[in-house]
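Student: Sending over a structure as structure tokens; questions will come in a sec.
Computed from the coordinates by the stated procedures, all read-outs in this text should not be read as laboratory data. Note that the structure is a prediction, hence the values are computed from the model and not measured.
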């Protein structure tokens with residue numbers, strides 16, 4: 001005998017932290033229902049999780065019911081009413097069984113005994129009303145011939161229409177990043193060529209920027225250890241790590257970074273977003289510091305450049321600097337005092353005030 005008690009119990013509702021291991025995705029929701037925050041994919045994964053949870057609940061119910069050998073006891077009680085009809089709580093085991101059972105006060109057969117009724121389940125219609133799944137042949141030449149080709153053609157049109165809808169739904173505002181404003185990435189750009197590797201500038205540039213971001217500029221003692229940790233994490237070679245340490249250490253003693261430190265009011269890796277003529281611009285400024293009554297933007301450049309080519313490089317990065325200037329003006333209502341490009345290979349800071357519009 002198996003007795004399934006508390007069939008009307010309802011589950012705990014939606015999860016706040018959902019893991020989709022098959023799709024390598026997570027979704028998170030925090031805070032109160034009407035004032036909380038959630039990741040963009042939370043509703044999608046929450047619906048998926050509800051369906052997965054319902055399938056698991058049905059499986060458990062099936063396992064429990066089929067363990068009975070002689071008797072299966074199901075305490076049946078409808079605990080709430082909807083439009084005059086009593087029904088089980090949605091999401092409960094009883095809710096899944098209700099389509100196959102009659103409400104206790106409407107049972108046409110059975111026997112009452114001290115507030116309980118037992119009725120013969122052999123008289124219940126338990127055959128599921130679901131139709132067999134439709135499967136079309138994978139190849140037109142398989143069984144079905146012309147009909148199969150028609151099905152496949154219709155399915156292809158449906159998929160194309162679906163993809164078109166997804167594309168239109170996801171367009172939104174055009175977004176431009178600060179680095180996209182650079183007219184053309186030249187062969188010696190910091191993301192392509194470094195002073196050390198001649199071909200792995202992305203790694204070297206990321207390492208230098210990460211060191212500036214994580215290091216306390218006023219206490220650079222841990223720099224050597226940090227270079228080792230961050231360099232190995234990025235896959236930087238020994239020569240790259242040594243050059244990065246030398247570059248950062250030299251920059252920290254430069255008059256420009258000493259000026260930043262002495263300001264006592266600076267932020268590193270400052271994200272920004274602003275809208276201009278229907279376009280959304282976004283990016284990250286390496287350093288923004290307050291000096292007097294204004295703001296100064298500092299951008300590190302790790303690309304290989306010689307003194308004679310410096311003016312070409314300045315023109316190359318002018319559009320990017322213009323975006324930084326526009327961001328400060330749009331967000332704070334006032335243009336920055338300066339936008340400075342610090343070419344670390346030459347240890348040369350260049351103020352772009354004279355060329356910014």
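Student: Decide, for the range 240-332, between rounded, prolate and oblate: order the square roots of the alpha carbon gyration tensor eigenvalues as a ≥ b ≥ c, take rounded if a/c falls under 1.5, and otherwise choose prolate if a/b is larger than b/c, else oblate.
Tutor: oblate
Student: In Å, what is the Rg of the alpha-carbon atoms in the range 177-351, and how long is Dmax?
Tutor: Every Cα atom of the range 177-351 included, Rg and Dmax give 15.9, 47 Å.
Student: What are the radius of gyration and Dmax of the range 2-101, computed over its Cα atoms and given in Å?
Tutor: Considering the range 2-101 through its Cα atoms, Rg and Dmax are 16.9, 52 Å.
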